[in-house]
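Presented below is the structure to which this report refers.
The values are calculated or read from the model by the stated rules, or taken from the named source; none is laboratory data. Please read these numbers as outputs of a predicted model, since none were measured by experiment. No Cβ is skipped: glycine too gets one built from the backbone with ideal geometry, and neighbour counts run over all protein chains shown.
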Amino acid sequence: MDLTIPTGLKGRDFITTQEWSLEELESLFHLAERLKRARAAGEPTPLLAAKTLYMIFFDASTRTRNSFETGMTQLGGHGIYLSPDRMQISHGENARDTANVLSRYGDGIAIRQCTYGEGNAYLREVAEHSEIPVLSMQCDVYHPCQILADYMTIRERFGDTRGLKLGVAWTSAPNYVRPLSVPQSLILMMPRFGLDVTLAYPPEFRLMPQIEEQAKANADAAGSRFEITHCFEDAFEDADVVIPKSWGPLVHTQDVQEGIGLIDRYPKWRCDAERMALGKDHLIYMHPLPADRGREVTDEVIDGPRSVVYDEAENRLHVQKALMALVM
Ligand code: CP
């Protein structure tokens, strides 16, 4: 299998898909598809032999940590899991010093920092001082790797994605306040690939205004549609793909108890078989996981034949291997 890596993206940061052109994203998907085939065929892919990725997690993770770390192993390199409470970050070491020092040792820095109002700023500060690429593993604004995997999954199912209807719907999961980064990254990138996006949320759950405006501008530039509704069912009506998931009312309030109370106010915003029946016959259900089963979605749907959540989770591995091979 030809695994020649284009060199034009070496050294590039990946903090939002918005900063990568469609051609650059296409080259990533092309490589991800080849890496997926190579893995299925048992072919070794030592594209990052002896290279090191530092993975700094301010927040918990199952998929992101294991797909990045496994990805580095499969590319012949090494991923090091770093927790800020075990680093000198816990004693106040700043982003500049962390970035400069890790740049002297390794080949990439990946960060998950989802604190509202802080995460993206921290990634940007590390990137400003780092001499090696900085990769987002999710911040308060973006979760770009998740959306790469989502798009790969949709393309595997449908081929040409132009004109497909994607419903992105808020769901009620009052066990904790989730970041805005998944829906925001979805509405930014999917219209660029020609999908028509319907975003549904109760009024208190709007996304960052500048992101909603950028999504509309992206859709206009691509000739696709982006619309916002406060009706849950609108996201499902005649849809090809739905991604119903929870997020916090963070633009409205950052008070955790008030946020949980608002999330709890809308228990009917839950994906079930009745809602799925509103979509096209081939409608697929997606969720980045972890899902709050019973609150966000019924078992019948998430475990049913329309659910592609494990393909979606698997594709995190393939897109991130492609990303790392391109930039590191
Ligand atoms: N989807 C996702 O990012 O999963 P984790 O939080 O488990 O990494």
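Under the condition of being within 18 Å of Leu102 (Cα to Cα) and within 15 Å of the ligand (Cβ to nearest atom), the residues counted in the range 64-81 number 4. For the range 35-53, a residue qualifies if it is touching a residue at least 40 places away in the same chain (Cβ under 8 Å), closer than 18 Å to Val327 by Cβ and hydrophobic (A, V, I, L, M, F, W, C), and the qualifying residues are Leu35, Leu47, Leu48, Leu53. If the condition is being outside the structural domain of Ala221 (by TED's automatic domain parsing) and surrounded by fewer than 20 Cβ atoms within 10 Å (Cβ to Cβ), then the range 131-165 contributes only Glu131. Restricting attention to the range 35-63, the residues being more than 16 Å from the ligand (Cβ to nearest atom) and not hydroxyl-bearing (Ser, Thr, Tyr) number 16. For the range 284-320, a tally of residues being farther than 12 Å from Arg270 by Cβ and part of a strand (DSSP E or B) returns 3. Gln184 meets all of the listed conditions (1) touching a residue at least 60 places away in the same chain (Cβ under 8 Å); (2) crowded, with 24+ Cβ neighbours inside 10 Å; (3) not aliphatic (A, V, I, L, M) but one, namely (1). Which of the residues that make up the range 54-70 are among the polar types (S, T, N, Q) and touching a residue at least 60 places away in the same chain (Cβ under 8 Å)? Matches in the range 54-70: Ser61, Thr62, Thr64, Ser67, Thr70.
Those helices (runs of 4 or more DSSP H) of the range 84-166 in which at least 1 residues are within 20 Å of the chain's Cα centre (by Cα) and either away from the ligand (no atom under 16 Å from the Cβ) or touching a residue at least 12 places away in the same chain (Cβ under 8 Å) (or both), considering only elements entirely within it, cover 119-129, 144-158. When restricted to residues that are surrounded by 12 or more Cβ atoms within 10 Å (Cβ to Cβ), farther than 23 Å from Arg104 by Cα and hydroxyl-bearing (Ser, Thr, Tyr), the range 15-73 contains 8. Gln320 meets the conditions (1) within 16 Å of the ligand (Cβ to nearest atom); (2) out of contact with any Phe, Trp or Tyr (no Cβ under 7 Å at 6 or more places or on another chain); (3) not assigned by TED's automatic domain parsing to the domain that holds Arg206 in every case but one. The failed one is (2). Taken over the range 176-192, the criterion of being over 13 Å from Lys245 (Cα atoms) and either in contact with a strand residue (DSSP E or B) (Cβ under 8 Å, 6 or more places away or on another chain) or modelled with pLDDT under 95 (or both) is satisfied by Ile187, Met190, Pro191.
Among the residues of the range 137-165, those that are in contact with a Ser or Thr (Cβ under 8 Å, 6 or more places away or on another chain) and within 18 Å of Ala313 (Cβ to Cβ) comprise Met137, Gln138, His143, Pro144, Cys145, Gln146, Ile147, Leu148, Tyr151, Ile154, Arg155. Consider only pairs whose beta carbons are under 7 Å apart and that are at least six residues apart or on different chains; among these, list those whose first residue lies in the range 282-311 and is without any contact (Cβ under 8 Å) to a residue 12 or more places away in the chain and whose second residue is within 16 Å of the ligand (Cβ to nearest atom). From residues that are without any contact (Cβ under 8 Å) to a residue 12 or more places away in the chain, the pairs are Arg293/Ile302; Asp299/Arg293.
Among the residues of the range 167-193, those that are part of a helix (DSSP H, G or I) and of a type outside the set (Ser, Thr, Tyr) comprise Val182, Pro183, Gln184, Leu186, Ile187, Leu188, Met189, Met190, Pro191, Arg192, Phe193.
Any residue at all in the range 16-34 that is in contact (Cβ under 8 Å) with a residue 12 or more places away in the chain and in a loop (DSSP other than H, G, I, E, B)? Checked the range 16-34: at least one residue is in contact (Cβ under 8 Å) with a residue 12 or more places away in the chain and in a loop (DSSP other than H, G, I, E, B). Would you say Arg225 is among the basic types (Lys, Arg) and in contact (Cβ under 8 Å) with a residue 40 or more places away in the chain? Here the answer is no, as Arg225 does not meet what is asked.
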